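Written out below as structure tokens is the structure these notes cover.
What follows draws every value from the coordinates through simple rules; no lab data is involved. Quantities reported herein were computed from a predicted structural model and do not represent experimental measurements. When we count neighbours, we look across all protein chains shown, and the Cβ atoms used for this are built from the backbone with ideal geometry, even at glycine.
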């Protein structure tokens, strides 16, 4: 299936998979969901959902638990010989997003304690953090920009990958899976857009939005107007009314502090 067809279906709220593909990939999808079970268990154990809307990770506890650290390493290693191209389109997306997030958590606990994923780097570690997946070496940068963004052209990619930062969309307490991918991506987008990290109404009524919408503006329509349209698509009623009252972006912000339960 051509990915642009999938994205078009997604944008109008249709299921991501076509019926014909569902018939062909039922067994593969079931097997792949099972393969993410360890990652879901780790996320459920160490990701804490907070009242302030920001999910935080207990990196210290994960690092201290040798068995769970080994389980994380084994989960990442399981991608080495996985034929990702043989999976359904939704499972490919879920697999790459899960690998990105697991590899990021692994990188953090290897360096923990730190205050930010950018500690010790001029820009960040995304080109340097690598693993082998689908029979080839890939970095975090490759997964996000050369695979997920390039192949899917899906703005909700940015709610699927987590960079271990307070300013980033939440790391979910479960793995991404094909059976709920579309609804989970929509929920993640709503959570972020309606949180002050995503959109804040300034005292003059204009908008302060996440730097994500500046760094990746091309993914959100290529203009401030496109970003506004995207925000309105996911904003709750009250926030949408405030955005429409003065649809001007006048400031961008992002907090690189580690999304750590200890901070």
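Okay, here's what the table says:
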| item | result |
| --- | --- |
| Inverse of mean 1/r across different Cα pairs in region 74-129, Kirkwood, Å | 12.8 |
| Overall dimensions of the chain by Cα: Rg and Dmax, Å | 18.3, 54 |
| Kirkwood Rh (inverse of mean 1/r, distinct Cα pairs), region 105-168, angstrom | 12.9 |
| Helix-only mean residue ellipticity at 222 nm for the chain, each DSSP H run of n ≥ 4 adding -39500 (n - 2.57), per residue, nearest 500 | -13500 deg cm²/dmol |
| Potential lengthening between residue 174 and residue 218 on full extension [0.36 nm per residue; Cα-Cα distance subtracted] | 13.0 nm |
| Cα-Cα separations in region 138-206 greater than 21 Å, expressed as whole percent | 31 |
| Peptide ranges 222-232, 88-98, 150-160 listed from the most packed, as the mean C-beta count within 10 angstrom indicates | 88-98, 150-160, 222-232 |
| Calculated FRET value between residue 34 and residue 211, using beta carbons and R₀ = 25 Å, to 0.05 | 0.10 |
| Inter-site label distance for residue 242 and residue 70 at 7 Å from Cα along Cβ, in nm | 5.0 |
| Spatial separation of Cα centroids for region 116-186 and region 220-263, in angstrom | 20 |
| Difference of contour (0.36 nm per residue) and Cα-Cα distance, residue 119 to residue 202 | 26.9 nm |
| Span per principal axis, largest first, for the Cα atoms of region 129-263 (Å) | 52, 36, 27 |
| Coordinate range along principal axes, alpha carbons of region 57-168, Å, largest first | 37, 30, 21 |
| Column: log10 I(q)/I(0), Debye, Cα scatterers of region 32-116, q = 0.12 Å⁻¹ | -0.38 |
| Backbone N under 14 Å from the residue 83 label point (7 Å along Cα→Cβ), restricted to region 90-111 | none |
| Cα Rg, Dmax, region 193-242, angstrom units | 10.2, 28 |
